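These notes concern the structure reproduced below.
The values are calculated or read from the model by the stated rules, or taken from the named source; none is laboratory data. Please read these numbers as outputs of a predicted model, since none were measured by experiment. Glycine also receives a Cβ, built like all others from the backbone with ideal geometry; neighbour counts cover every protein chain displayed.
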Amino acid sequence: MHAFGQILKIETRLFLRDFGSPLTTVVLPVALLVVFGLVPAARQPEVQFGDLSFIQYFAPSLLVITLAMSAVNILPTVLATYRERGVLRRLATTPASPAALLAAQLLISLATILVSAVLLIAVGRLAFDVPLPRHPLGFTLALLLGTAALLALGLLVAAVARTAKSAQAMAVPLFMAVMFFGGVYVPRFILPDFLVRIGDYTPPGVQALLDSWTGASPHLSHLGIMAVVAMAAGAGAAKLFRWE
Amino acid sequence: MPVIEVTRLHKRYGDLVAVDEVSFAVEAGEIFGVLGPNGAGKTTTVECVAGLRVPDGGGVSVLGLDPRRDAAQLRQRVGVQLQESQLPDQLRVAEALEMYASFYRDPADPAELIERLGLGAKRNTAYKKLSGGQKQRLSIALALVGNPEIAILDELTTGLDPQARRDTWSLIEQVRSSGVTIVLVTHFMEEAERLCDRIAVIDKGRVVALDTPAGLVSSVAPEQRIRFRPSAPIDDRLLTDLPEVSAVQRTGSQVVVTGTGDLLHAVTSVLARNQIVAADLRLEQSTLDDAFVELTGHRPVA
Ligand SMILES: Nc1ncnc2c1ncn2[C@@H]1O[C@H](COP(=O)(O)OP(=O)(O)OP(=O)(O)O)[C@@H](O)[C@H]1O
Ligand SMILES: [Mg+2]
């Protein structure tokens, strides 16, 4: 436990020291929320958003930025780099297991996602009258399952990639797909209907986040898909992951 | 009672036989050298001892334990420096040592180790900004931070400058004098000669010789060679008649006498009796280099 605590402490420091990681996962989404929130029109309810304001409608997509960056971009790249450079192997010669390093990375991802979610919800509520999630249990479940699905995909990339370069090559398209279908690049109301439907089932499941944030309980099928992806990708990653 | 016993170790990578049949035993408290050309199977051998690779055949016993089955116990007691292993770019020297120290039940004091390895001025420097030699020293420090009973060091001083290399040697001698058994993979003959009590020379996955450095040299090339420039013409027979001399050659004005035993004394006496002065006299003894070439057919890389 002592060793794991140390590893977690050091890995957290490295995460924070690498400036770009906290910036893109935590600072960027909340900064975008503030920028949009400062535009008065973005705070007015609109019919095309189902009587929501634009920032209410868009906030779940901002959370998708954190999820995508953390789980399918940073996590696989860091793990593949550690493997390629022999960091995991060196750890395997000590009483600490490389699994402890993996666990620390997962915890850091989880913490990042949690911090970003709390920040978005709090800033939205305090500054721009975005209500707190109306369906807290549903929202928690949607966030948990969406996070699990993306982390599992990130681990699968780290497992399949032999080098840090190939991890990047796989992570980037996946990352872009998650961002696109999560409505980050283009708000989803502009997208044709079939792309929106695909987005509903693309991890982390932005529609389930939106539904539970703004009132309805999330669709069981939306949540179910996330659970299936999480289990399938997780099992694949566990089977394929190599420490060296 | 040996602390490491390797018997008929065999390891393949696909079709390639990396270690064919390697056997040796390392005694407690000694510095045991593993010497051999590139690709000979040194790293594979010591990584099987460290439990990092699984042998395809043969047995390895470390401190009476099995490196795979008793891995948890051995990791507390064996420190390993891998030939190729880096650290995260942004990790600082002191952080690395403190983190690794936390893994062990009875670690060394990280601050003291940093000083001993001459990294004091770099304690807050990120790994990325260390020189090659400083990275290497940090790597050695990490292998020693757990106060191991056995340290396995693969390519101890590769990349170090001559001064740093000598400093590292005295560090290793200090570590040994505190009772640690050391297995040292090296390319440097001077290093092997200076540090090792015994050396296994490995070539193409087999042990081709196992002896003390002096033993290796004399078993392979017992000859000595004397070169000098005689002040007056000299009859070869004066020299060849000596029982110690096996051959006399001339290159230009230089005479080269090869032989065994107390060759120098025999030759200088006969020259003195004939009132010949030997200018530029040099005695050349075979070195570990010669033995290495003889045993493996390769020039040492260093
Ligand atoms: N993981 C691996 N997969 C496939 N082949 C390998 C692997 N590791 C080593 N080999 C091969 O096994 C042989 C022995 O390699 P090894 O690393 O043990 O040599 P070495 O004596 O340590 O060489 P060097 O002095 O260059 O470090 C080499 O031919 C090498 O190419
Ligand atoms: Mg090697």
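Assorted remarks:
- Scope region B:150-166; condition buried (at least 18 other Cβ atoms within 10 Å of the Cβ) and away from ligand 2 (no atom under 16 Å from the Cβ); matching residues: B:I150, B:A151, B:L160, B:A164, B:R165
- Residues in region B:14-50 that are within 14 Å of chain A (Cβ to nearest Cβ) and either out of contact with any helix residue (DSSP H, G or I) (no Cβ under 9 Å at 6 or more places or on another chain) or more than 16 Å from ligand 2 (Cβ to nearest atom) (or both): 6 in all.
- Applying a threshold of 7 Å to beta carbon distances and a minimum spacing of six or more residues, or different chains, the list of pairs starting in region B:279-302 at a residue that is small (G, A, S) and ending at one that is at pLDDT below 75 reads B:S286/B:A221; B:A291/B:V220; B:A291/B:A221.
- Checking B:L65, B:L74 one by one, the residue that is more than 16 Å from ligand 1 (Cβ to nearest atom), more than 30 Å from B:M189 (Cβ to Cβ) and without any contact (Cβ under 8 Å) to a residue 12 or more places away in the chain is B:L65 and no other.
- Candidate set from region B:19-36 (those that are crowded, with 21+ Cβ neighbours inside 10 Å and modelled with pLDDT under 95); member that is nearest to the chain's Cα centre (by Cα): B:L35
Yes or no, residue by residue, for (1) touching a residue at least 60 places away in the same chain (Cβ under 8 Å); (2) over 20 Å from A:S212 (Cβ atoms):
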{"site": "A:A3", "(1), (2)": "yes, yes"}
{"site": "A:I10", "(1), (2)": "no, yes"}
{"site": "A:F19", "(1), (2)": "no, yes"}
{"site": "A:T25", "(1), (2)": "yes, yes"}
{"site": "A:V34", "(1), (2)": "yes, yes"}
{"site": "A:R43", "(1), (2)": "yes, yes"}
{"site": "A:L52", "(1), (2)": "yes, no"}
{"site": "A:A59", "(1), (2)": "yes, no"}
{"site": "A:T66", "(1), (2)": "no, no"}
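- Filter result (out of contact with any Asp or Glu (no Cβ under 8 Å at 6 or more places or on another chain) and crowded, with 23+ Cβ neighbours inside 10 Å) within region B:176-187: B:V183
- In region B:43-60, the residues that are free of Cβ contacts under 8 Å to residues at least 60 places away in the same chain form Cβ pairs under 7 Å with partners that are more than 12 Å from ligand 1 (Cβ to nearest atom) and assigned to a loop (DSSP other than H, G, I, E, B), at six or more places apart or across chains, as follows: B:C48/B:P55; B:G51/B:P67; B:G51/B:R68; B:L52/A:T93; B:V54/B:R68; B:V60/B:P67.
- Among the candidates B:E47, B:E112, residue that is within 16 Å of ligand 1 (Cβ to nearest atom) and of a type in the set (D, E): B:E47
- Flag if B:P213 is in the same structural domain as B:S246 (by TED's automatic domain parsing) and either within 16 Å of ligand 1 (Cβ to nearest atom) or in contact with a strand residue (DSSP E or B) (Cβ under 8 Å, 6 or more places away or on another chain) (or both): no
- Any pair with Cβ under 9 angstrom, 6 or more apart, that starts in region A:178-203 at a residue that is within 21 Å of A:T25 (Cα to Cα) and ends at one that is among the hydroxyl-bearing types (S, T, Y) and surrounded by fewer than 17 Cβ atoms within 10 Å (Cβ to Cβ): A:M179/A:Y185
- Conditions (1) out of contact with any Pro (no Cβ under 6 Å at 6 or more places or on another chain); (2) more than 16 Å from ligand 2 (Cβ to nearest atom): number failed by B:L97: (1)
- Listing of strands (runs of 3 or more DSSP E) fully contained in region B:202-291 that carry 2 or more residues being loosely packed, with under 14 Cβ neighbours inside 10 Å and over 34 Å from the mean Cα position of the chain (by Cα): B:245-251
- Residues being in a helix (DSSP H, G or I), within 11 Å of chain A (Cβ to nearest Cβ) and without any contact (Cβ under 8 Å) to a residue 40 or more places away in the chain - total across region B:105-127: 0
- Among the residues of region A:79-100, those that are touching a helix residue (DSSP H, G or I) at 6+ places or on another chain (Cβ under 6 Å) and hydrophobic (A, V, I, L, M, F, W, C) comprise A:L79, A:A80, A:L88, A:L91, A:A92, A:A96, A:A100.
- Within region A:84-99, residues that are within 7 Å of chain B (Cβ to nearest Cβ) and touching a residue at least 12 places away in the same chain (Cβ under 8 Å) sit with their Cβ atoms under 7 Å from residues that are among the basic types (K, R) and assigned to a helix (DSSP H, G or I), at 6+ positions apart or across chains, in these pairs: A:P95/B:R75.
- Count of region A:119-143 residues which are more than 14 Å from A:Y57 (Cα to Cα) and surrounded by 14 or more Cβ atoms within 10 Å (Cβ to Cβ): 9
- Considering region B:174-190, and only residues there that are in contact with a helix residue (DSSP H, G or I) (Cβ under 7 Å, 6 or more places away or on another chain) and more than 16 Å from ligand 1 (Cβ to nearest atom), the residue that is nearest to B:L97 (Cα to Cα) turns out to be B:V175.
- Residue in region A:98-105 that is hydrophobic (A, V, I, L, M, F, W, C) and either more than 30 Å from B:L144 (Cα to Cα) or over 20 Å from the mean Cα position of the chain (by Cα) (or both) present: yes
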